[in-house]
Amino acid sequence: MADADLALKTEMSLSEQRALMDTDLPMLFDTLDKIYRVTDVKVLGAACDIPVRVYQPSEEAPSQVLVYFHGGGFTMGSIKSHDAVCRRLTSTSQALVASVEYRLAPEDPYPAGLDDCCTAAQWVYEHAPELGVRPGRFSFGVAGDSAGANLAACLALRARETSFPCLDYQILICPVLRHIFEPLTGSHLDFKDGPVVTAESGLASLCAYLGDVDKYSRDPAIFPLEAADLSGLPPALVIVSDRDILRDDGVLYAERLQEAGVDAQLQEFETGHVMMIYAPNANPDMSQRSYQAIADFMQGH
């Protein structure tokens, strides 16, 4: 499948785009990885119940927990759209993976989605033994792609300042890290028309999520690259696509984390935005390498 095939269909209504993502994204996998147990739970949130899908890799209790936040421009995506992705993460890493269906914009703008992610992640941490994780010490991390990677990075920043459980790592796949027009980078200019995320679709997503983008454009609670101090954050794996408008922001974030003394690794793949994990059929070798890089990073932390 070509990168452009996954580009946002701006001529469609948002409800149509959401339905398309839920049905089409899982079809980019030849088969769904078989998982020992998949359980849907509801986590009590401040405003509503938060759907969480839990993947247990085998009968043996895992010693790792990964909470995953789906992408979709803050306006679409669900535990259904990313079911195949989370199955592959589970089978490759042999960790317990919990996929969070946070509230979406524009119906529920910032900070609703981030609040849901924080609430769900804390619940998973506190209930890990009940979910099948090995009793005692287990590693605990967060991950996400695109908008979900933004939420994972923001959660890590929030956790540093609060009583949130200690994170052992964060995995950021093609993350949204700042207002995509301020300042412009080489990848912003080279890939403003795609192939997947465009300048137009990126701005539309941010407007839906924030309402007044200019009001929040320098807010580090929303755009982690605006944070003056990145020290004390958990180890990070930052994955970028070479043909992606967000590429340079991811590279810069990894560099700034390293400068702040954080154990940060950068991996770049030759593809469009998040296609290395979304479309294994297009390039099985690259997809396998991307999932294995994630699993190896988790094993090391």
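Read the figures in this text as sums done on the coordinates, not as results from a lab. For clarity, every value in this text was computed on a predicted model and none was experimentally measured. Heads up, the Cβs are rebuilt from the backbone with ideal geometry, glycines too, and the neighbour counts pull from every protein chain shown.
Listing for the model above:
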read-out	value
Shape call, region 236-292: gyration tensor on alpha carbons, a/c limit 1.5	oblate
Cβ-derived FRET efficiency at R0 30 Å, L184 paired with T162, nearest 0.05	0.35
Rounded FRET efficiency, nearest 0.05, which uses the C-beta distance separating Q288 from E255 and R0 of 45 Å	0.95
Most positive-pole-ward Cα, P129, L96, P234, against dipole of the chain from beta carbon charges	P129
Packing-based exposure ordering (other Cβ within 10 Å, fewest first) of D33, D219	D219, D33
Cα-based Rg and Dmax for region 3-299, where Dmax is the largest Cα-Cα distance (Å)	17.4, 51
Surrounding net charge for D33, when Lys and Arg each add one and Asp and Glu each subtract one, Cβ distance under 9 Å	+3
Cα-based Kirkwood hydrodynamic radius, region 1-106, one decimal, Å	14.8 Å
Simple spin-label estimate for T39 and Q94 in nanometres, 7 Å along Cα-Cβ	2.1 nm
Extension reserve of the E200-N281 stretch, reckoned as 0.36 nm per residue once the Cα distance is removed	26.4 nm
Segment A19-D242, extension gain: residue separation times 0.36 nm, minus the distance between their alpha carbons	77.5 nm
Modelled FRET efficiency - R0 35 Å, D296 with K192, Cβ distances, 0.05 increments	0.55
Region 195-301 - convex hull of the alpha-carbon atoms, volume per residue in Å³	107 Å³
Cut-off 10 Å between beta-carbons: net charge of the residues surrounding S63, Lys and Arg +1, Asp and Glu -1	+1
Helix runs (DSSP H) in the chain reaching 20 Å along axis by Cα, Kyte-Doolittle at least -0.5	112-126, 147-161
Normalised convex hull volume, region 37-157, alpha-carbon set, Å³ per residue	91 Å³
